[in-house]
Amino acid sequence: MEENLKQLKLVDLHGGCIPGEHLDTPIDYESLKAIGSMMGSGGLIVMDDTKCMVCLAKFYLEFTVSESCGKCTPCRIGTKRMLEILERLCAGEGSELDIYKLEKLAVNIQKSSICGLGQSAPNPVISTMKYFREEFREHAIQKECKALECKAMSKIIIDEEKCKGCGLCQKHCPVRAIKGEGREKRIIDQEKCIKCGTCLTSCPFHAIGN
Amino acid sequence: MENELVNLTIDNQKITVKKGTTILQAAKQAGIDIPTLCFLKDINEVGDCRMCIVEVEGRKGFATSCIQTVEEGMVVHTHTPNVLEARHVILDLIISNHAKDCLTCTRSGNCELQSLAVKFNVLNVEFPGEMTKHKIDDLSPSIVRDFNKCILCRRCVAACKNVQKIGAIDCINRGFESCISTVGDHSLNDVNCTFCGQCIEACPTGALHEKETIDDVWVKLKDPDTYVIVQTAPGVRVALGEEFGMEIGTNVTKKMVTALKRLGFDKVFDTNTGADFTIMEEANEFVERFKNHDHLPMITSCSPGWVRYIEMNYPELLPHLSTCKSPHQMFGAILKSYYAKKEGIDPSKMYVVSVMPCIAKKFEAKREEMQNDGLYDVDNVITTRELSRMIKQANIEFEKLEDSEFDLPMGDATGAGAIFGTTGGVMEAALRTAQDTLTGKDLEKIDFEQVRGGDGIKRATVNIGGKTIKVVAASGLANAKEILEEIKKGKSDYQFVEIMACPGGCVMGGGQPIKSSRIRSRSRCKKTKS
Ligand code: SF4
Ligand code: SF4
Ligand code: SF4
Ligand code: SF4
Ligand code: SF4
Ligand code: SF4
């Protein structure tokens, strides 16, 4: 597992993310602080490359946005705007400018919010962007989520070679996105597909993938 | 302790200030301006909006200059590139959740948010996104609330809760969904709001404003069959000039009269004439009640914000209230009866407009008791601000107007009413008249003793016809509450109480020109008496 280890993450919502290369960092207050994370409650989540860091940042931001008391401007509106940008990135609707905006917001919210909540709200974004910037760029520019977590960007397709035309997937698809009749090879209508993943497991020939 | 001095450096300038001074005040003393938005001196000093952030050497993050006090040796930088960028981001964020309707906004040209946007050269919104949506509350006859323009500075909440001690409005919800609301999210019309309008005066934006009714005035002015009379309260003439760039407190009575005549009003009267009637009635009522020990102290009833307050909060004390109508209502009633008859005008064809420093009077004029034979005493109340808008709409260059005198409905006003606008004035005039009625002699000048640093309560003892009368004048509903509590507990030894809802009296009413937080001042008060 070590070669595709992407990050270690201390289980504190305001802690930072640490990439695999820092695996040898001692878990103590100073050392963690030195690489931009924090001790938090001392817990730790280990993730591999099937986890999308943009999604992760979004997850943390959702938490802060719901926790903000709403007293000061940067935290009340700023974290909401950060979340909106992350949502755009995950939906494949972001742009390179969004990455720049996200950073600008993060830095300024951190410095100008009244209390600890707002001041630490941008941490997950700042540290994921520091160590996993490439992933943000992939989302923004190539519209690609290599971890395949951002469903909007993933494309579920039927492998023409493997499909035997059994039609089982068609029976399972909740939105009737799969076309083809009889023993024809099936095709997924990407406009209709909601990326629920049901067909992936329904195919006895493992012909469907993303 | 108080006089201890602190040395610090702000933008490379060394300065010495009193201990306890905020960085914002210290900077001001050094001639350095720091932008603010939620700050309202003595009323709202909470550091919410974050516009006033500065850098302090040796400190992580920014310091909040409006609340942070100075420390010995402090080194402050008020406009480093970092500070400027953060302020720009903050302002951008506020604007990103603001209905940007400047062209059709009543505060355009006098809006603290708009002037900051201009100052910061905000040409586009860098961080647009979802906006909170709010229903406009325009059910009350006095106030309109449009929270799509609210920036959550909470200045209104502080004015209502801390200054007036009402608490009709407060901030509800959390985070992005935060908003200013009332109990049960009802209209201000249906909660304990007194329509004093102090929240409007505190608001930096167009989120709170009076219910504008000048269109109705224009319609009547156009109608040749309607006899349109206007009366103006004393508080208006010392404030109207501010809307035209004149110094605070400038008395513009004569220009105002000219402007009103130019606008097409058939007659321009002084509410002081009505005030004289109110005072006469009030003096007589007082003399009677004093003789009969009937519900003393008697409390004045000329401030409709105050009347609404006592009705809602101390109904058991209502018998203490004088039964007199407020001056403009009394005057309106006289105009539609005595004056109409004298001039041979059909009262149903008469339209009386009151120009008032007050928005509670919009509510008052629509009260059921304020009509006779199905005709309202006063048909329309407009504020000082609304009058200034009419003058601007008519393209009148106010500053250049020549002087004119009020029309006289029935001879001269005594001038007793001229002090109606300031606190203590009503009572003084009534006592003067009472003395005259009882003894035929003039009352010596009443020396009010300022209570608690002159902040809204004045007491005096006067001698009328050998009797000692204790009187007190209070302005601001927080002070009113104190006095009412005393009366309720039977601890009050006053015979006469004057109460005005607005702190500082009508000159500081909710319909007066709105001054930016940077130059709010009470100097208007002094000018009404002169
Ligand atoms: S930073 Fe603190 S005070 Fe400001 S909105 Fe967030 S939680 Fe409230
Ligand atoms: S992923 Fe879901 S919606 Fe898309 S084709 Fe398969 S079953 Fe249908
Ligand atoms: S409140 Fe100020 S900024 Fe907002 S629309 Fe009105 S004038 Fe413009
Ligand atoms: S009008 Fe007066 S009582 Fe009503 S909300 Fe405003 S400040 Fe409060
Ligand atoms: S209504 Fe006005 S004063 Fe009240 S919080 Fe909103 S912007 Fe501030
Ligand atoms: S004090 Fe004057 S301005 Fe204020 S509510 Fe009373 S009458 Fe109106």
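The values are calculated or read from the model by the stated rules, or taken from the named source; none is laboratory data. Everything quoted here is computed from the prediction, not taken from an experiment. Here Cβ is always computed from backbone atoms with ideal geometry, including for glycine, and neighbour counts include all displayed protein chains.
Residues in the stretch B:201-236 that are within 16 Å of ligand 3 (Cβ to nearest atom) and surrounded by fewer than 18 Cβ atoms within 10 Å (Cβ to Cβ): 1 in all. Cβ-Cβ distances below 8 Å connect the following pairs, each with a first residue in the stretch B:144-163 that is in a helix (DSSP H, G or I), a second residue that is charged (D, E, K, R), and a separation of six or more residues or different chains: B:Asn148/B:Lys133; B:Lys149/B:Asp101; B:Val157/B:Asp170; B:Ala159/B:Glu201; B:Lys161/B:Asp170.
Return yes when B:Phe176 is away from chain A (no Cβ under 11 Å), touching a Lys or Arg at 6+ places or on another chain (Cβ under 9 Å) and touching a residue at least 12 places away in the same chain (Cβ under 8 Å) and no when it is not. Here the answer is no, as B:Phe176 does not meet what is asked. In the stretch A:38-61, the condition of being more than 11 Å from chain B (Cβ to nearest Cβ), within 16 Å of ligand 1 (Cβ to nearest atom) and not small (Gly, Ala, Ser) is met by at least one residue. Contact map, the stretch A:66-89: residues that are more than 8 Å from chain B (Cβ to nearest Cβ) paired with residues that are charged (D, E, K, R) and in a helix (DSSP H, G or I), Cβ distance under 7 Å, separation 6+ or inter-chain. Pairs shown: A:Leu83/A:Lys58; A:Leu83/A:Glu62; A:Ile85/A:Asp98; A:Ile85/A:Lys101; A:Leu86/A:Lys58; A:Glu87/A:Lys58; A:Arg88/A:Asp98; A:Leu89/A:Asp98. Of all residues in the stretch A:105-116, those being surrounded by 18 or more Cβ atoms within 10 Å (Cβ to Cβ) and either β-branched (Val, Ile, Thr) or facing chain B (nearest Cβ under 10 Å) (or both) number 8.
Per the listing B:Ala99, B:Ala63, the residue uniquely under 24 Å from A:Ile77 (Cβ atoms), aliphatic (A, V, I, L, M) and assigned by TED's automatic domain parsing to the domain that holds B:Arg154 is B:Ala99. Looking at the stretch B:179-191, is at least one residue in a helix (DSSP H, G or I), surrounded by fewer than 20 Cβ atoms within 10 Å (Cβ to Cβ) and within 14 Å of another protein chain (Cβ to nearest Cβ)? Looking through the stretch B:179-191, none of the residues is in a helix (DSSP H, G or I), surrounded by fewer than 20 Cβ atoms within 10 Å (Cβ to Cβ) and within 14 Å of another protein chain (Cβ to nearest Cβ). Considering the stretch B:50-105, the residues that are small (Gly, Ala, Ser) and out of contact with any strand residue (DSSP E or B) (no Cβ under 9 Å at 6 or more places or on another chain) include one that is farthest from the other protein chains (Cβ to nearest Cβ), namely B:Ala99.
A:Lys151 - would you say it is surrounded by 13 or more Cβ atoms within 10 Å (Cβ to Cβ) and not assigned by TED's automatic domain parsing to the domain that holds A:Asp48? Yes.
Table: residues versus (1) assigned to a helix (DSSP H, G or I); (2) at pLDDT 95 or above.
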{"residue": "B:Gly249", "(1), (2)": "no, no"}
{"residue": "B:Lys255", "(1), (2)": "yes, yes"}
{"residue": "B:Ala259", "(1), (2)": "yes, yes"}
{"residue": "B:Arg262", "(1), (2)": "yes, yes"}
{"residue": "B:Met280", "(1), (2)": "yes, no"}
{"residue": "B:Pro319", "(1), (2)": "yes, no"}
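Looking at the stretch B:66-77, is at least one residue of a type in the set (Ser, Thr, Tyr) and over 26 Å from A:Thr79 (Cα atoms)? Within the stretch B:66-77 (the criterion being of a type in the set (Ser, Thr, Tyr) and over 26 Å from A:Thr79 (Cα atoms)), the answer is yes, since at least one residue qualifies. Figure legend. Inter-residue proximity from the stretch B:202-229: first residues part of a loop (DSSP other than H, G, I, E, B), second residues among the small types (Gly, Ala, Ser), beta-carbon distance below 8 Å, spacing 6+ or different chains. Indicated pairs: B:Pro204/B:Ser516; B:Pro204/B:Ser517; B:Gly206/B:Ser108; B:Lys211/B:Ser140; B:Lys211/B:Ser142. Against the criterion of being part of a helix (DSSP H, G or I), among the hydrophobic types (A, V, I, L, M, F, W, C) and either within 7 Å of chain B (Cβ to nearest Cβ) or within 17 Å of A:Leu117 (Cβ to Cβ) (or both), A:Ile99 does not qualify. Quick one: would you say B:Glu364 is among the acidic types (Asp, Glu) and surrounded by fewer than 24 Cβ atoms within 10 Å (Cβ to Cβ)? Criteria not met by B:Glu364.
When the criteria are applied in full, B:Ser142 meets the requirement of being within 16 Å of ligand 6 (Cβ to nearest atom) and touching a Phe, Trp or Tyr at 6+ places or on another chain (Cβ under 7 Å). Just one residue in the set B:Lys41, B:Lys14, B:Lys19 is more than 14 Å from chain A (Cβ to nearest Cβ) and closer than 24 Å to B:Ala159 by Cβ; that residue is B:Lys41.
Here's the yes/no breakdown for (1) closer than 16 Å to A:Ser127 by Cα; (2) at pLDDT 95 or above:
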site	(1), (2)
A:Asp12	yes, no
A:Glu21	yes, no
A:Ile27	no, no
A:Gly43	no, no
A:Thr50	no, no
A:Leu56	yes, no
A:Ile85	no, yes
A:Ile99	yes, yes
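For the stretch B:153-173, taking the residues that are of a type outside the set (S, T, N, Q) and facing chain A (nearest Cβ under 9 Å), the one that is nearest to ligand 3 (Cβ to nearest atom) is identified as B:Arg154.
The listed residues are B:Gly235, B:Gly184, and the only one of them that is at positive phi, of a type in the set (Gly, Ala, Ser) and more than 16 Å from ligand 5 (Cβ to nearest atom) turns out to be B:Gly184. Regarding the stretch A:109-117, can at least one residue be identified that is within 9 Å of ligand 2 (Cβ to nearest atom) and hydrophobic (A, V, I, L, M, F, W, C)? Looking for residues that are within 9 Å of ligand 2 (Cβ to nearest atom) and hydrophobic (A, V, I, L, M, F, W, C), one finds none in the stretch A:109-117, hence no.
With respect to (1) free of Cβ contacts under 8 Å to residues at least 24 places away in the same chain; (2) within 11 Å of chain B (Cβ to nearest Cβ), the lone exception for A:Glu134 is condition (2).
For the stretch B:134-152, residues that are touching a helix residue (DSSP H, G or I) at 6+ places or on another chain (Cβ under 9 Å) and within 14 Å of another protein chain (Cβ to nearest Cβ) total 3.
Selection over the stretch B:289-313 of residues that are at negative phi and touching a His at 6+ places or on another chain (Cβ under 6 Å) gives a count of 1.
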